[in-house]
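The values are calculated or read from the model by the stated rules, or taken from the named source; none is laboratory data. Everything numeric in this text was worked out from a predicted model, so none of it was measured. Using ideal geometry, Cβ is built from the backbone for each residue, glycine included, and neighbour counts are taken over all protein chains shown. Surface areas here come from the heavy atoms of the whole protein model, side chains and all, with no ligands, DNA or RNA. Shrake-Rupley method; radii C 1.70, N 1.55, O 1.52, S 1.80 Å.
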Amino acid sequence: MKIDNSTSSTWQQMDAAHHLAPFTDYAEIREHGARVITHADGHYIYDGDGNMILDAMAGLWCVNVGYGQQSLVDAATEQMRILPYYNNFFKTTNQPVAALSQRLAEITPDGLNNVFYANSGSEANDTIIRMVRHFWALEGKPAKRKIIGRTYGYHGSTVMAASMGGMVDMHRQAADQPDFEHIRPPYAFLYQGNSDEAEFAAHSASLLEDKIVEVGADNVAAFIAEPIQGAGGVIIPPAGYFDHIQAICKRHDILFIADEVITGFGRTGHWFASQAMGLAPDMMTLAKGLTSGYVPMSAVMVGDRVAQRLIADGGEFYHGFTYSGHPVASAVALANLDLIEELGLVTRVRDETGPYLASALARLADHPIVGEVRSYGMLGAIELVKSKDGPTLFEDVGKAGALCRDHAIAHGMMMRAVRDGMIMSPPLTFTTQDIDKMVDIVTLALDKTAADLGIT
Ligand code: PMP
């Protein structure tokens with residue numbers, strides 16, 4: 001279909017009349033209409049009203065290589081011509097998925113040597129839930145069913161993945177399955193108080209042990225965590241937190257699962273945050289940066305302990321999706337991994353743009369409505385506050401964040417607000433000049449927000 005850019009409102013009306021978009025207030029969208037994104041190139045997205053917007057969110061934390069990468073387009077085109085589809089159910093496979101599986105086993109942490117594919121992070125996490133329960137049943141411990149996650153954790157939108165996540169608004173809308181527990185995350189900005197980093201790390205991790213004791217280790221299958229909580233507000237753990245967590249999991253024989261849907265594929269300046277933080281997860285969730293979002297694909301990396309049990313005496317695993325290990329998605333993923341390597345994006349983030357982002361954000365710390373800035377690789381957050389004394393948070397949570405986000409968009413940059421935290425997750429191809437531009441627009445948005453709120 002040829003898109004006619006001159007009539008944005010026609011598309012908006014058509015959309016509002018029939019499209020129930022994800023995470024959307026339908027009354028609001030019917031009143032105002034959605035922004036029609038027509039095309040994208042490099043680090044910019046373009047809308048039907050002629051706006052050019054710097055994408056400081058890499059879509060939804062996923063377009064790691066930026067837009068318009070011809071090698072990914074070519075890989076998809078070529079694979080569609082050769083083999084657009086065949087399933088992997090009936091003792092069949094395809095060449096791209098075999099090659100991708102070997103590649104993922106190589107680049108992920110040691111001990112994660114097997115992979116199950118799905119189409120979204122949510123499906124991958126649902127797969128994990130089934131797999132760990134199946135594993136414990138095979139181990140002769142079928143009572144080990146409960147999974148412990150964290151408040152503000154996000155693991156997806158299916159009924160099970162949302163129940164496992166820690167978003168209470170989602171739980172309230174029928175994502176409240178039994179056998180999921182949640183502990184408080186190590187969110188230093190809110191909870192550290194006067195304790196030092198080591199104390200805070202130890203105390204935050206001890207909450208897991210308390211929960212295991214409360215529920216009974218015989219009933220707990222796994223603990224799941226994003227190494228850095230993304231959708232919850234870019235919550236970066238204090239040093240040592242995951243050392244304590246892993247020791248607790250070992251002590252109680254509980255599987256440790258790292259959801260690296262956001263933190264994978266170079267975002268932290270390492271292939272995976274697990275490598276940056278010294279984590280040895282039993283399983284790992286991957287999506288987003290696996291294909292840089294060009295086509296849908298997700299994966300569950302399965303560690304040797306679980307895989308060997310499934311292989312030895314699991315029998316048939318009654319689970320899978322029509323598009324598990326899709327040849328076109330696999331070919332795009334391989335081209336994407338090649339490109340990340342060719343451009344040296346992982347080390348660029350580690351050695352150049354990650355540290356540059358940290359120092360650029362640090363300059364905002366003195367702003368009157370900024371309570372804290374933090375970053376890790378190419379993930380950044382700025383906490384807005386009513387007053388730097390205390391600091392004091394806004395009573396009407398989310399209002400200042402939404403104002404600031406809207407100012408940024410009006411000035412040509414896509415940024416996200418989580419409560420009153422401003423979130424950035426740009427493509428890994430961002431240069432230091434792009435970071436300067438991003439921080440300039442953030443500064444403008446902060447100034448305008450402070451003016452709106454009468455804070456000087
Ligand atoms: N896990 C994490 C950490 C995520 O950030 C997301 C998506 N934002 C998901 C899982 C779910 O992925 P999807 O939206 O592809 O289902």
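State whether region 138-222 is rounded, prolate or oblate according to the following rule on the C-alpha gyration tensor (a ≥ b ≥ c being the square roots of its eigenvalues): a/c under 1.5 gives rounded; otherwise a/b larger than b/c gives prolate, and the remaining case gives oblate. Could the numbers behind the result be given before it?
Working: a/c = 2.96, a/b = 1.30, b/c = 2.28.
Oblate is the answer for region 138-222, as a/c is 1.5 or above yet b/c matches or exceeds a/b.
Just the protein heavy atoms count here, and of the accessible area of the chain at 1.4 Å, carbon and sulfur take up 53 percent.
Over the chain, accessible surface divided per residue gives 43 Å², non-protein components excluded, 1.4 Å probe. Tell me which DSSP H helices of the chain clear both cut-offs, 20 Å or more of axial length from alpha-carbon atoms and a mean Kyte-Doolittle hydropathy of at least -1.0. Flagged H segments are 121-138, 197-215, 327-342, 432-452. The listed peptides 358-371, 257-270, 432-445, ordered by packing as a protection proxy, come out as 257-270, 432-445, 358-371 (highest mean of other Cβ atoms within 10 Å first).
Projecting the Cα atoms of P227, S324, A162 onto the charge dipole of the chain, computed from C-beta unit charges around the Cα centre, puts S324 farthest toward the positive end. Of K386/K448; K146/K288; K91/K288; K388/K448, which ones are farther than 23 Å apart at the Cα? From the list (K386/K448; K146/K288; K91/K288; K388/K448), the Cα-Cα distance tops 23 Å for K146/K288; K91/K288. Measuring r between the beta carbons of M80 and A402 and using R0 = 51 Å, the FRET efficiency lands at 0.80.
Is region 106-178 best put as rounded, prolate or oblate by its Cα gyration tensor, with a ≥ b ≥ c the root eigenvalues, rounded for a/c under 1.5, and otherwise prolate when a/b is larger than b/c, oblate when not?
oblate
With both residues required to sit in region 71-342, DSSP beta bridges show an antiparallel share near 45%.
Here the simple spin-label model places points 7 Å from the Cα toward Cβ, and for D25 and H171 these points are separated by 2.3 nm. Full extension of the segment from D338 to T392, taken as 0.36 nm per residue of separation minus the current Cα-Cα distance, would add 14.8 nm. In terms of packing, defined here as the mean over residues of other Cβ atoms within 10 angstrom, the peptides 196-207, 157-168 line up highest first as 157-168, 196-207. Counting only residues at least eight positions apart within a chain, or on another chain, the aspartates and glutamates with an alpha carbon under 15 Å from that of K211 are D179, E181, D253.
Estimated purely from DSSP H runs of n ≥ 4, each contributing -39500 (n - 2.57), the mean residue ellipticity at 222 nm for the chain is -12500 deg cm²/dmol once divided by its residues.
Put simply, the amide H of Q229, placed in the peptide plane, has neighbours under 5 Å in I235, leaving out anything fewer than 5 places away on its chain.
Region 173-248 to region 337-372: how many Å between their Cα centroids? Between the Cα centres of region 173-248 and region 337-372 lies a distance of 26 Å.
Basic side chains Lys and Arg get +1 at the Cβ, acidic Asp and Glu get -1 at the Cβ, and with that the dipole of region 146-293 about its Cα centre reaches some 360 debye.
Packing-based ranking of 324-334, 403-413, 23-33 yields 324-334, 403-413, 23-33, ordered from highest to lowest mean Cβ neighbour count within 10 Å. The mean sequence separation of alpha-carbon pairs under 8 Å and at least six residues apart, normalised by the residue count of the chain, gives a relative contact order of 19 percent. Go through A56, V306, Y46 and say which Cα lies farthest out towards the positive end of the charge dipole of the chain; charges sit on Cβ, +1 for Lys and Arg, -1 for Asp and Glu. Looking along the dipole axis, the top candidate is V306.
Among rounded, prolate and oblate, which fits the chain when a ≥ b ≥ c are the square roots of the eigenvalues of its C-alpha gyration tensor, a/c under 1.5 means rounded, and a/b larger than b/c means prolate? Here the chain falls in the oblate category.
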